[in-house]
Structure formats: structure tokens, C-alpha cells
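What follows is a set of notes on a single structure, which appears directly below.
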Amino acid sequence: MNKNLFLRFRKKGTLNNHPFIKICFLLIALVLLFSCKEETKYESINQKENVFISAKEIPDSYFLGDNNCKECHQQEFKDWQGSHHDKAMQIADSLTVLADFNNKTFTSQGVTSHFYKKGKDYFVNTEGPEGINEDYKIIYTFGITPLQQYIVAFPNGHYQCLRTAWDTVKKEWFDLYPDFKVIHSEWLHWSRGGLNWNNMCSDCHSTNVRQNYNDKTDSYNTKYALINVSCEACHGPGKQHVEDVKRLGADYKDTGTLHMTLKNSPKGLVDDCARCHLRREQFSSSFNFEGTLLDHFFPQIIVQDFYFPDGQILEEDYVYGSFVQSKMYRNNITCNNCHNSHSLKLKFDGNALCAQCHIPATYDTPKHHFHKQDTEGALCINCHMPGRYYMGNDFRRDHSFRVPRPDLTLKYGTPNACAGCHKDKSNQWAWDEFKKLFGTVDSIHFSDKLVPGILGEPGADLGLSELIDDMKQPEIVRASAVHALAQYNSENLIDKFILLLNDESPLVRGTTLDLLSQINTTDYVNYFLPLLNDNKRSVRVKAFYAIAGLKESQIPEKYRERYEMVKKEFFDYLDVNLDFVGGQVRKGNYFLKQGNLQKGIEGYEKALKIDNSNNQIRIDLANLYYRNQDYQKTEEAYKVVINQEPEYGSAYYSLGLLYAELERTDDAIKQMQKASKLMPENIRVYYNLSLLYDKNEDNLNAEKTLLNGLKIDVNNESLLYALAFQYSKLNQIEKAKTVLIKLVQLYPNNRDYQSFLQQILSTRGN
């Protein structure tokens, strides 16, 4: 590894009086002056001064290290020492490695890993990216409790986190994902993107991180100022602050050079912590303490696969996404009301933490919680903050602080704390007990409207609209309702979405832009263009993507300057995400909107290089090859999908359509037959297969296929018409007549069906 990644050396010496040496020194000084001018100019910028914040990086020399803080902030430093932040990442050695590397083996999912030492170094022999076991040296440790991970170096600056971790409580090796089989070629294998330190971990486990990914070489030159989450990771670079203190002494006053101070508003502090405690999309290449949260990131809203439909945590949301749903957040409760900002520990034990605000005589009593005092059931957090295990043994609590709702569990399958504890009882029991103890639910929670909307239940769009219009609801809930509403496909919704582009919530504006930008049209550009002036970078970038279908010459003059400014932000956003599948796809889609099919294809091809097992991307790429009339690559792509996923019916169907166009009818029939077995409910398969049989003059199978399809959808228009045509072709006039009469009854305004029927009746008359 390049030591310059972590250490900065400055050689010292003396200068003699030789004129040549003096001239050389002068030239060197001038070079340094101009090459490092960014460092000399760096100044902390007040967050509220500038909408268009800079993209400049903070020089590492502006970060002085934790010992410089210790001198004046002794208690804070003492609290921080040994914390999760302090031990977020460390160089692997005898003091930092907690696991047993004394020739220990661990087997999971058919892979055996051997952990051993060689001198002072730590090694693991485990399955590598080619599916064979190799030896890897442990370079870094990650975390301290309840688990510790280990990082190894790969070529081209890649650093990978082992899937096997050490349980620091049980003192044993374990699999982070014991029930999840991953083969060596998949993105989620530890040696590939899913457990890559550079893009998945570094930004939040070290200070002043720049990932420095090179898309052309698939390499990283990742840099950071300090290896762990230091004082300056939260409070910002300390150089100016220390200089001011030394210069001003007792007259020192904070001029805004430090961040996350007592001056922060409660919600401002939450946003500052959310830089890392947030599931999000990144919009800036490095965090430079300028602007606000949404200038650098955009939160993951409540959607299935990440959250339960009621907003409870499913996948790890890193706290922010659940906390901002809560009444606590709305009422200005913030992170350090419960947690020591430096040690990260809870300020009080048990219910005493909640008793800071909630009167014990009212709430910490069996009359409220109906459990024996001083038991697990009597703890506030077990009812109002249920949790889930992530990474095998790491228990994280839901911070949405909600009342258990067994009734929603019965309706929609969402979890509830009652049945979560009483695992021997049913959800019906939980609801019966709830009603017995508390009566029916006496207030409407946003989940009552959000859950059916996310699940797409008929009529639930009305509840979603009400949530969106209710400005008292959490921003993340309103934005999530916007996303859910889109699935109802009502033409009337377009007008509503256009109005939401001016909503006071940037989450709502951004989510709305995401939805409307999926429409590859220029119909709405006049509504998108003003958002190039939005006060949040993430929203401006989304607006730029929404107008990507416009050529630069089509941008109105009054928006030209802002367009150019946001264009730089947009491509910075693309660049910082190019080591993700989604980043390459987004870049490809941008060029597709621009009409550049070749560059669009390039984006999707690079996405597949990142995750070769992502067959949804491969299907989309096959369609692009088809648009490019590269039928050989189209065919190859479908065949790869079929080889990797033999049960993927859509791949057989698409390959069948391709063969049909290429006049390879027999091959097309074979693929459609396979598709019909794998997708027996797909009407289009029956329709196209019948046409192929008809083309081969296999009338019997054509008829049989259409009749099988009509068993699925008895009134299907396409199948009925094809069947009528088939009967007509075979001169089975009565059968044709019967089918056509049904078609005319179902679709009385279709004159073609009426004409066809008259033709059949005329034929019978003859």
C-alpha cells in the first residue's frame, strides 16, 4: 500500500548560500505557491451565505489531529477515547485486533476460512474473487463492539471487508449474512462491490475522505486526513480555530469556524449527525462542511425493500430515516438529548432516559405499560423502540418512537412490538390484548394512510393525497406518499405533481422530480427549469436530469448561466457514483435522453462490469443493443440471463420475440414455449406464440394456445381477435361468428370488429 495514503512526511534540511541553490529554491517555492494555492485560500464558509456552495476539497493539513483538541477539551476528549467513533477504523496490530487468529477455522455457506498469524501480521485464507481460496493480509480493523470486521488490500487501490467477522461479546467468528448464499462472481461477494471499503464504508469511518475513483481504470486513490472518526470529522478542520485561539487568547470568540456546536438548532444537529447516520444517495465528491445535508446527500424515503410500509425499519436505515418520522423530532428532541455527543453512550439507564421528559408517575408504572415493574416488558424502549439485528449480531433500535399497532399487522403484515416480544402469541392475541388494555386506537397515525397506499390498495390514493397535503406530517412521510401515489397512474396526478415542484419541502420537490424525470419528454421542462435555482444542490441536480432531453441550444437565455453551473454539479454527482451500478445506469440514461445511444450503451455495459449478475440491467442492455440493431449482442445478452437464471421467464419471451423478427420461427417457438411454462399468467406469451404457430401453418396449436390464454383472461381483446381470425382462416364460420359477437358486445365502439362480423355473416350467407 502507498504509505502516502495515510501519512504526510515533510523532510527537513538546511540551505547553504550557493546562488544556484537559491535560484532553485526560489523556483520550487513559486511552483509550490501556485500548485498549492487551493490550500492557502481555504476558508470555512458560513452555511447560510451561499446557495451555490463550492465543490472544493479541504486540504488535509487543515486537520490537526485529536491530540490538538485534548489540550483544551479534556473531558470531551476523555469521553471520545475508546468510543465507536475513535475505534471506527484502525491499523491492524496486536493492540487493535480483537479476534482469535491462532490457526482458527470457520465454515459457512460451504466456504472455509482459516485465520492465522505470520510474525506480527494477521492473515486469512478464504475464497477470493475467482472462487478459489487465497491468502490475504489483514490491513485494518473496523469497529470494536458487538463485532469487529477486517479489511484487506486488493489491486488498484481497492480495499475489501471480510464477510466473516469477530463477535466481540461471544468471542467467536461468525458470518455477517449466515442465511444468504453468495457466489464468488456476485457483486455482494466480500471481494467485490458490496463489501468494498472505498465506496461503502470509508466516507463515514474516517475523516476528510476523498474516494478518488477512476472510472476508466476501475481504480481508487482514496485519501483521508485521519484514520478514524476524529473530533474534526464532526467539528470541522481545526487549523483556523487553533490559530484564532492562540492569537486572541481570552478574547477568542467563535466566528463560525467550528461546526456541531451548542449554537446548532436541534434539527440542525440531527442533520449534521445524519451525514453518516443516514441511508442516502451522495451528491458531492467530498464533504467540505459547506451548505446543508441536502446539498451533499438525499435521504432514502419510505419504500418497500428498505422499510416496512408503515415506516418501521426493515433494511438498516442508520437512524435518521426513522427518527425524522417521530413526534420527538417534530418537537425538537435531538441526538444529544439521549446520547452523550462524545462517548455516544446513553445519558441514563433504563426508563430514566425517557423520564427526562415523560413523567415517571404517569408513564413508568404498570397502569401505563401493564407489565411488572423492573422487567424487560416495563422498559419504554421495548414497546416504543423495537429493533432488528443487522450484520448478524448488531441490534439496532427503530427511532420512530411509535405506539405498537397489532391491528395494522393483521391488515398488512407490518411488525408490532407486542408480538415481537411475545413470540409464543399470535398477532390476533396482541390486538385483542391491546384493545382490552388501551381500547381502540384513538388517533390517526400517518401509517393508516401510508401503508395501503404503498401496497397499492384500491382507493388508497385518496389517503396518500391527504398525507401529501397535510403540512404537519413529517417531510419524509409526505415525500414517500408522493412516490407511492405515482403507481396509481391517474392523469389527474400530473397536475398535482407539477404543483408539488414548488412545495416547501425539498424532499417532496426532489421526489417529485425523480418521478417526472422518468418521462422521456420535454412536455414539462418549463416547470423543471426554475428548479435549477433551487436552494438545495440535490434538488437542482435532479432538475437538471429531468431536463436532460433538451439540447443546450434549447435552454432559454435566462436560465443559461444557472444551467452551466448546475451542469458541473450534475457531472460531479455522476462521477462520485460511478463505482455503483446505479451511478453507471444514471449516466447511461442521461446520454440516452440526450439521444446518444452509444454512450447510453456504454453506461449499461460498465454497470454490468460492476455487477455481472444483475440481470435486470442485462435485460435493459439487451433492449439497447436491439435499438442499435446489434442483434448478435442482443441474443448473447438474453442467453447469459437464461444461463444465470434458468427460471427467468421474461428472458425466454424476449429472446423469442427477437428470433421472430429475425425470421427464425422455429427457434422463436421453442423460446415462447419455455416462457409459457414459466409465466403461465402472461397473456402476451399466448398471443405471440399463437402467431408463431400460425406462421408455421400449425393451426391446431395456434388455436389451442389461444384457448389456453383465454382460460386466464376470458375477455382478453387481443386473444379473442386472434382466435376469430384463426377460425375465419380455417373457414370455421360459426366459431368465428361466436367469438366476433362477443368482441362486438365487449367493444361496441370498435368498427373493425363490426366490419369483421359483417364479413363473416356475409360469408355464411354465401
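The criterion of being of a type outside the set (S, T, N, Q), under 14 Å from ALA651 (Cα atoms), part of a helix (DSSP H, G or I) and within 37 Å of the chain's Cα centre (by Cα) holds for ALA675.
Across region 84-123, what is the total count of residues that are surrounded by 12 or more Cβ atoms within 10 Å (Cβ to Cβ) and under 30 Å from ALA233 (Cβ atoms)? Residues in region 84-123 being surrounded by 12 or more Cβ atoms within 10 Å (Cβ to Cβ) and under 30 Å from ALA233 (Cβ atoms): 17 in total.
Reported count of residues in region 650-663, each being in contact with a helix residue (DSSP H, G or I) (Cβ under 6 Å, 6 or more places away or on another chain) and surrounded by fewer than 19 Cβ atoms within 10 Å (Cβ to Cβ), is 0.
If you filter region 52-92 down to residues that are in a loop (DSSP other than H, G, I, E, B) and of a type in the set (Ser, Thr, Tyr), you find that the one that is farthest from GLU243 (Cα to Cα) is SER83.
Considering region 105-116 alone, what residues qualify as being part of a loop (DSSP other than H, G, I, E, B) and closer than 19 Å to ASP167 by Cα? Answer for region 105-116, where residues must be part of a loop (DSSP other than H, G, I, E, B) and closer than 19 Å to ASP167 by Cα: just GLN109.
For PRO178, indicate whether it is surrounded by fewer than 20 Cβ atoms within 10 Å (Cβ to Cβ), at pLDDT below 95 and either in a strand (DSSP E or B) or touching a Ser or Thr at 6+ places or on another chain (Cβ under 8 Å) (or both). Considered against the rule, which asks whether it is surrounded by fewer than 20 Cβ atoms within 10 Å (Cβ to Cβ), at pLDDT below 95 and either in a strand (DSSP E or B) or touching a Ser or Thr at 6+ places or on another chain (Cβ under 8 Å) (or both), PRO178 comes out as yes. Look at ARG537 and say whether it is at negative phi, of a type in the set (Lys, Arg) and touching a residue at least 60 places away in the same chain (Cβ under 8 Å). Yes; evaluated as a whole, the condition is true for this residue. Is it fair to say LYS711 is in a helix (DSSP H, G or I), closer than 22 Å to ASN699 by Cβ, of a type in the set (Lys, Arg) and out of contact with any Leu (no Cβ under 9 Å at 6 or more places or on another chain)? Considered against the rule, which asks whether it is in a helix (DSSP H, G or I), closer than 22 Å to ASN699 by Cβ, of a type in the set (Lys, Arg) and out of contact with any Leu (no Cβ under 9 Å at 6 or more places or on another chain), LYS711 comes out as yes.
Among the numbered criteria (1) surrounded by 18 or more Cβ atoms within 10 Å (Cβ to Cβ); (2) of a type in the set (D, E, K, R); (3) within 30 Å of LEU176 (Cβ to Cβ), which single criterion is violated by ARG388? Status for ARG388: all satisfied but (1).
Consider region 573-588 and keep the residues that are of a type outside the set (Lys, Arg) and closer than 24 Å to SER54 by Cβ. The one that is surrounded by the fewest Cβ atoms within 10 Å (Cβ to Cβ) is ASP575. In region 222-235 there is no residue that is in the same structural domain as THR141 (by TED's automatic domain parsing) and in a loop (DSSP other than H, G, I, E, B). Residue under question is GLU681, and the condition is that it be exposed (fewer than 14 other Cβ atoms within 10 Å of the Cβ) and either of a type outside the set (A, V, I, L, M, F, W, C) or touching a Pro at 6+ places or on another chain (Cβ under 6 Å) (or both); does it hold? Criteria met by GLU681. For region 332-390, enumerate the residues that are free of Cβ contacts under 8 Å to residues at least 12 places away in the same chain, basic (Lys, Arg) and not in a loop (DSSP other than H, G, I, E, B). Listed by number, the list holds a single entry, LYS367.
Using the structure shown, decide if ASP364 is out of contact with any Asp or Glu (no Cβ under 8 Å at 6 or more places or on another chain), closer than 24 Å to ALA88 by Cα and surrounded by 17 or more Cβ atoms within 10 Å (Cβ to Cβ). No. The condition (being over 25 Å from THR409 (Cβ atoms) and not hydrophobic (A, V, I, L, M, F, W, C)) is satisfied by just one residue among GLN300, GLN304, GLN373: GLN373. Tell me whether region 96-104 contains one or more residues that are within 31 Å of the chain's Cα centre (by Cα), outside the structural domain of SER341 (by TED's automatic domain parsing) and not in a loop (DSSP other than H, G, I, E, B). No, every residue in region 96-104 fails to be within 31 Å of the chain's Cα centre (by Cα), outside the structural domain of SER341 (by TED's automatic domain parsing) and not in a loop (DSSP other than H, G, I, E, B). Tell me which residues, restricted to region 543-559, are within 23 Å of ARG586 (Cα to Cα) and assigned to a helix (DSSP H, G or I). Correct list: ALA543, PHE544, TYR545, ALA546, GLU552, SER553, GLN554. Reported count of residues in region 396-420, each being under 28 Å from THR168 (Cα atoms) and without any contact (Cβ under 8 Å) to a residue 24 or more places away in the chain, is 1. Just a yes or no: is a residue in region 368-378 crowded, with 17+ Cβ neighbours inside 10 Å, under 34 Å from the mean Cα position of the chain (by Cα) and of a type in the set (A, V, I, L, M, F, W, C)? Checked against the condition, which is being crowded, with 17+ Cβ neighbours inside 10 Å, under 34 Å from the mean Cα position of the chain (by Cα) and of a type in the set (A, V, I, L, M, F, W, C), region 368-378 yields no hits at all.
For ASP295, the conditions (1) assigned by TED's automatic domain parsing to the domain that holds ARG397; (2) among the charged types (D, E, K, R); (3) in contact with a Cys (Cβ under 9 Å, 6 or more places away or on another chain) all hold with the exception of (3). Residues that are surrounded by fewer than 19 Cβ atoms within 10 Å (Cβ to Cβ) and over 20 Å from SER54 (Cα atoms) within region 529-544 comprise just one, PRO530.
The values are calculated or read from the model by the stated rules, or taken from the named source; none is laboratory data. Everything quoted here is computed from the prediction, not taken from an experiment. Don't worry about glycine lacking a Cβ; one is built from the backbone with ideal geometry, like all the others, and counts go over all protein chains shown.
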